[in-house]
Amino acid sequence: MQAAGAFTLGATSFAGFSFAVEPYRLTVPQYTVRPRDWPTGLKLSIAVIADVHVCEPWMPPSRVRAIVEATNRIGADLIVMLGDFVGGHSIAERFGQPVPKPQWVPMLADLDAPLGRYAVLGNHDWWEHRDVQARRSGPTEIGEALVASGIPLFENDSVRLEKDGHAFWLCGLGDQLAFAGGRRRPGDRLHFSGVDDLAGTLAKVIDDAPVLMMVHEPDIFATMPDRVALTMAGHTHGGQVQLFGYAPIVPSRYGQRYVYGHVRERGRDMIVSGGLGCSGLPVRFGRPPEVVRIDIEA
């Protein structure tokens, strides 16, 4: 009976913390990255927002406002938003309520950085409406709302930026899982097709300045060319639940390989954000919400 009581108490404490505490914390992990062939003298700081998943009651507009303010306090040179702005299907449709976009998207326009703020969409942003899925093309409602608020939205696009006399390219890849059905990628349980065009995106880079790549899903990193100095991804939520350093559920065909943090393979770098909101269930444990700061040094 004592063992059963201890188990019950532990399970209750775990559930309470996972539902009521961890999802509402906000952390700012920092990474220092020294990409291969990065220009000497170009120091760059980036704030990363991913997987906000706005919905009531877990991610209301008041939390979006707090996230914007916390991000601005980081004082980064550049702010990137890596998709999944809207609530995940099972949360927004079964347990919570979607929040009208005019109530929170304009808040994102208050993000402030000297080199600007930029966004890509995530899979849930494409899955939100059946008509988008039926016609298998955009525009998406959230995409139009972001653009209307003055936020540059990249879909296989690139822009050349400069700091301290040094140039670099910021690229944004279209979502890799935009539509249910279509081609099946190795290791995927379901069929998805994307709007991603990596070759076309990089074709817009017209000089030898280094490239930073915004993506939603990190799996593309397995085939990312050396031309890209740093890839920044979201999507996995860092597993959303971490038990003794292990994430039982990871939405990646590579499992734990790209679940979270700084990944370095074959001299290439990627940072995977643990994100801010929840998908599936409004639960986090061992992986609190985060706005990531990246410092790039030569």
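Bear in mind that the values in this text are calculations on the coordinates, not laboratory data. Just so you know, these numbers come straight off a predicted model, no measurement behind them. Because the Cβ atoms are built from the backbone with ideal geometry, glycine has one as well, and the counts that use them run over all protein chains shown.
When only residues in the range 111-167 that are acidic (Asp, Glu) and in contact with a Gly (Cβ under 9 Å, 6 or more places away or on another chain) count, which is farthest from His191 (Cα to Cα)? Even if it seems obvious, please write down each step before you answer.
Taking the range 111-167 and keeping what is acidic (Asp, Glu), we get 112, 125, 128, 131, 141, 144, 155, 157, 162, 164.
Imposing the further condition that a residue be in contact with a Gly (Cβ under 9 Å, 6 or more places away or on another chain) reduces the set to 125, 128, 144, 155, 157, 164.
On the way: Asp125: 18, Glu128: 17, Glu144: 26, Glu155: 21, Asp157: 25, Asp164: 45 Å.
Result: Asp164.
Identify, please: which residue in the range 230-270 is in contact (Cβ under 8 Å) with a residue 40 or more places away in the chain, crowded, with 18+ Cβ neighbours inside 10 Å and among the small types (Gly, Ala, Ser) and is, among those, farthest from Arg284 (Cα to Cα)?
By that ranking, first place goes to Ala233.
State all residues of the range 159-181 that are crowded, with 20+ Cβ neighbours inside 10 Å and either touching a Cys at 6+ places or on another chain (Cβ under 9 Å) or of a type in the set (Gly, Ala, Ser) (or both); if no residue qualifies, say none. Steps first, answer last, please.
Within the range 159-181, the first condition is being crowded, with 20+ Cβ neighbours inside 10 Å, and the residues that meet it are 168-179.
Within the range 159-181, Gly172, Gly174, Ala178 qualify.
Considering each of Leu108, Leu115, Leu82, Leu78 in turn, give the residue that is touching a residue at least 12 places away in the same chain (Cβ under 8 Å), buried (at least 21 other Cβ atoms within 10 Å of the Cβ), in contact with an Asp or Glu (Cβ under 9 Å, 6 or more places away or on another chain) and among the hydrophobic types (A, V, I, L, M, F, W, C).
Working: Leu108 fails: in contact with an Asp or Glu (Cβ under 9 Å, 6 or more places away or on another chain); Leu115 fails: buried (at least 21 other Cβ atoms within 10 Å of the Cβ); Leu78 fails: in contact with an Asp or Glu (Cβ under 9 Å, 6 or more places away or on another chain).
So the residue among Leu108, Leu115, Leu82, Leu78 that is touching a residue at least 12 places away in the same chain (Cβ under 8 Å), buried (at least 21 other Cβ atoms within 10 Å of the Cβ), in contact with an Asp or Glu (Cβ under 9 Å, 6 or more places away or on another chain) and among the hydrophobic types (A, V, I, L, M, F, W, C) is Leu82.
Could you check the range 143-176 and list, in sequence order, the residues that are in contact (Cβ under 8 Å) with a residue 40 or more places away in the chain and of a type in the set (Asp, Glu)?
Matches in the range 143-176: Glu155, Asp157, Asp164, Asp175.
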